[in-house]
Amino acid sequence: MILNILKHIGRITTGVSLGTSGPDVILCPQADPIIPIVHAELSKQMDLIYSSQAFKHASYKLLSGSVRIPTESYDDLLPVGQDERWNIFTTFRAYLQDSFPLVYSSLEITSVNTHGLVFHWQGSNDSLKPLLLTAHQDVIPVDWSNADQWAHPPYSGDYDGTWIWGRGSVDDKADLIARLITVDSLLKAGFQPQRTLVLAFGFDEEASGVEGAGKLAVYLEEKYGRNAFAMLLDEGEGYNENVKGGTIFAVPGVSEKGYLDASIQVVTPGGHSSVPPHHTSIGILSEIIVALEATSHIPRLTRNGTAFYVAQCTVEYSPQGRLPPIMKDLARRAMDPDDEAALEKFASLLFNAIPLFDVLSRTTQAVDMINGGVKSNALPERAEAIINHRVAEYSSTTDVKNHIRDLVLPLGIKHNLFVDDFGRGDSMRSDVQECKGSYLTGPSAQYLTRTGFIDVRRYRLSRQW
């Protein structure tokens, strides 16, 4: 089913055994290449087809056409059926049906929550667990205020002979179209899989995933059962940086960072800007943001973390001269659980040489949205920021909330503000009693203080893997 995927991946990186070190230790042992045997002739046939200019240009055209449909998903979308902005996915579904008629006539197609798509290709051997291939139809909305800065219009789908331009050309319509092209070409070759293949395409991955993947997961479990799939091939990780460095890594996705969007709202009394307080809600929120960005989460390279294993392979196979020569020796020594000094030195050099590993080894935070004020001469009564967090493997959403609370509480005290800590209200730490204001709570969640309050809450569904 995924003959060429397996063939071109070739060697898949695997882990290393901990507790060993020394010059003879292999940093990144490799699995043997997987080469089709039963379908060897079909594999050669597909290679010839895939390498032809006619096939390539037909594929480029299919991806370009999909990019031209602006399937944007927004954080504030209402459920399907209550928001007309979902309607663009009906257009996208029609495009897929027109572009892949053989797939639609040969496979069992199910719509989940209107716009979620599941393609079922029945295998000949029911004793084999199915394969699950996923992708998402949606893209991040375009900020049209700076659209003139794009090299090509955001939804042009232009092909310049090298690149296909437009939002979704990589994330993630390239995967979606590639999966359908693969199935379509195998159908045309008369291939019949032994193992059932399932394709599932969500439509709000760039938002919360609740309407798309959330509903698809329920459907798939109901239809196929728990732990029903032999393998999941998802969007995965890119490899552009590795290509630039001269080495391509195919790394199985065995973990994912957690996720938390936190909203921080500062509410203060309004009034005319001719008689302002020392700090407006926007000013206080700005102070909070500065404090958060000045206190980022510390990276930790752990021996049982996926970043450590990827680092071993990076050190072993990076082009000569890219990394300090001492890195290979440090990488081997760092595998020894008793050599913490080697691990610390290895991590330090790694983070400096390849900043991506610094990001992989810590919880990240990014202030992505901010809003406040309605008029230039009116004091802003409410200011809000949304901070996106990708939670490190060794951490948790609880750690993230504690980090935010530890930074916000002192500033609340400083500005005489009541702080509602993720809905905990007066059940916070005792030092909140230093705040001099009073507050009231009720169904409408109205808080009255001398100068206002700070509300810290989950902005969107969080997931921790």
Using label points projected 7 Å from each Cα along Cα→Cβ, tell me how many nm separate Phe55 and Asp126, to one decimal. 3.4
Taking all protein chains as present, what is the carbon and sulfur share of the accessible area of region 326-417, in % to the nearest whole number, probe 1.4 Å? 50
The correct ranking of Ser73, Ser348, Ser127 by accessible area at 1.4 Å, largest first, is Ser127, Ser348, Ser73
Could you order peptides 87-95, 172-180, 355-363 by the average number of other Cβ atoms within 10 Å of their residues, highest first? 172-180, 355-363, 87-95
What lysines could a cross-link reach from Lys257, if we take a straight Cα to Cα line under 22 Å and drop same-chain neighbours fewer than 8 places away? Lys215, Lys401
Calculate, in nm to one decimal, what Asp47 and Thr110 gain on full extension: separation in residues at 0.36 nm each, minus their alpha carbon distance. 19.6 nm
Order 140-151, 406-417 from most to least packed using the mean count of other Cβ atoms within 10 Å. 406-417, 140-151
Taking Lys375 as the anchor, which lysines have their alpha carbon closer than 23 Å to its alpha carbon, excluding any fewer than eight residues away along the same chain? none
Strictly over 30 Å apart at the Cα level, which of Lys44/Lys173; Lys44/Lys129; Lys173/Lys345 would you flag in this model? Lys173/Lys345
Could you check the simple spin-label distance between Gln149 and His39, using points 7 Å along Cα→Cβ, in nm with one decimal? 4.6
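The values are calculated or read from the model by the stated rules, or taken from the named source; none is laboratory data. Because the structure is a prediction, the values reported are computed rather than measured. Using ideal geometry, Cβ is built from the backbone for each residue, glycine included, and neighbour counts are taken over all protein chains shown. To get the accessible areas, we keep the full protein, side chains included, count just its heavy atoms, and leave off ligands, DNA and RNA. Shrake-Rupley method; radii C 1.70, N 1.55, O 1.52, S 1.80 Å.
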